[in-house]
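The structure under discussion appears below in the form of structure tokens.
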């Protein structure tokens, strides 16, 4: 690990494309970029190809919504924690990651931004040591009261331009979330959209009308569908009769809206995963982990967010719990989400993989860099066995896992 990206090749595999499978194929890369995809590749001189032995050659996974892993949370605010969490997710096939904030005060968020930016530079200087970090997901703190989930409610607040322009000035925010009903949500959406960010709504009890206003200002995505979001009965409680449309109906009605699901087997039942895929399609539905620091750790109590200031949750080894009946993000990597989505829905394999690769790349605006096995893109590649277990990870042309590591 940690060597300069050079030429490489994977042969004798089934390449997963966004719309189909390409069997008996190979992928070649040079200087960290894919140079050939097909059945009769020209292997550069001196390259010893990796034999996929008939297994799948997939794009590396992309996670738009992830809080930590391996004992670390991105809100810890240290470069060491960022590296630990990113390394854990790389082992699970995530080659592009958007570290995601929780609620917290301004300094905590600035520390998180700074540590992620530093870690990103270190990974870029030494390909193969970590996933690509194109930027962060500014998720907390702009959540609606009562919709904070496992996040610290004391850190929830309405968006303040004086505050969030500091985050935006880092040029390292690529995804930005704000509950649509909060004062200032329209300006927030417009400003971040104009800055080129994917603007999302989450941890919200917004009505259709409130969603329409931020949609007009640039919001195009909703975080973790059905989780910490409004419903028609909630609208009846807020406004009385007649019943009004909620976030769910707004997302399903508008084709340009995308959303995401946590396919860990605990957050959503199989019929909801199937429904989401059938209604939105694989080009508007993303798989995310929403993973916390308990990834790859034994069951027990952990902190969500900062290691001292965060809230306490319990991991049972399958998911996180803030209370006996309240979920607290997942404890699984993206490889698990892909396997579960494949097992419990009728979505074809290439569409399941698309939801973890090409679609999040498109929504985050990085499709010209990664997300597909395509000439000119980064050589972010996985070899997956028939059970979709990760056998090999190639990050920007360098082997990040495999027999020699």
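Going by what's in this entry, would residue 55 be described as more than 17 Å from residue 172 (Cα to Cα), touching a residue at least 40 places away in the same chain (Cβ under 8 Å) and in contact with a strand residue (DSSP E or B) (Cβ under 6 Å, 6 or more places away or on another chain)?
So residue 55 fits the description; yes.
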- Task: Take the residues in region 296-343 that are in contact with a helix residue (DSSP H, G or I) (Cβ under 6 Å, 6 or more places away or on another chain) and farther than 23 Å from residue 357 by Cα, then tell me which one is surrounded by the fewest Cβ atoms within 10 Å (Cβ to Cβ).
- Result: 307
- Might you let me know whether region 270-292 holds any residue that is closer than 26 Å to residue 153 by Cα, out of contact with any strand residue (DSSP E or B) (no Cβ under 9 Å at 6 or more places or on another chain), in the same structural domain as residue 90 (by TED's automatic domain parsing) and part of a loop (DSSP other than H, G, I, E, B)? no
- Every residue from region 41-59 that is under 30 Å from the mean Cα position of the chain (by Cα) and surrounded by fewer than 16 Cβ atoms within 10 Å (Cβ to Cβ): 51, 53, 54
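Going by what's in this entry, would residue 193 be described as in contact with a strand residue (DSSP E or B) (Cβ under 8 Å, 6 or more places away or on another chain) and surrounded by fewer than 19 Cβ atoms within 10 Å (Cβ to Cβ)? Give the steps one after another, and end with the answer.
Working: in contact with a strand residue (DSSP E or B) (Cβ under 8 Å, 6 or more places away or on another chain): yes; surrounded by fewer than 19 Cβ atoms within 10 Å (Cβ to Cβ): yes.
When the stated conditions are applied, residue 193 passes them.
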- Being touching a helix residue (DSSP H, G or I) at 6+ places or on another chain (Cβ under 7 Å) and within 30 Å of residue 196 (Cβ to Cβ) narrows it down to one of 395, 364, 379, so name that one. 395
- Message: For the list (1) surrounded by fewer than 23 Cβ atoms within 10 Å (Cβ to Cβ); (2) under 20 Å from the mean Cα position of the chain (by Cα), I need the number of the one condition that residue 293 fails.
- Response: (1)
- Query: Which ones in region 314-337 are under 21 Å from the mean Cα position of the chain (by Cα), in a strand (DSSP E or B) and more than 21 Å from residue 115 (Cβ to Cβ)?
  - Reply: 315, 319, 320, 321, 327, 328, 330
- Item | Identity of the residue in region 102-116, modelled with pLDDT of 95 or more and buried (at least 19 other Cβ atoms within 10 Å of the Cβ), that ends up nearest to residue 361 (Cα to Cα) | 116
- Going through (1) part of a loop (DSSP other than H, G, I, E, B); (2) within 24 Å of residue 259 (Cα to Cα); (3) touching a helix residue (DSSP H, G or I) at 6+ places or on another chain (Cβ under 9 Å) one by one, residue 353 fails only at (1)
- Every listed condition ((1) surrounded by fewer than 22 Cβ atoms within 10 Å (Cβ to Cβ); (2) more than 26 Å from residue 225 (Cα to Cα); (3) in contact with a helix residue (DSSP H, G or I) (Cβ under 9 Å, 6 or more places away or on another chain)) holds for residue 126 save (3)
- How many residues of region 259-272 are surrounded by fewer than 24 Cβ atoms within 10 Å (Cβ to Cβ) and closer than 16 Å to residue 222 by Cβ? The answer is 3
- Message: Being buried (at least 24 other Cβ atoms within 10 Å of the Cβ) and over 23 Å from residue 50 (Cβ atoms) is the requirement here; does residue 346 meet it?
- Response: no
- Message: If I go through region 5-32 residue by residue, how many of them are surrounded by 17 or more Cβ atoms within 10 Å (Cβ to Cβ) and part of a strand (DSSP E or B)?
- Response: 15
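The values are calculated or read from the model by the stated rules, or taken from the named source; none is laboratory data. Note that the structure is a prediction, hence the values are computed from the model and not measured. Glycine also receives a Cβ, built like all others from the backbone with ideal geometry; neighbour counts cover every protein chain displayed.
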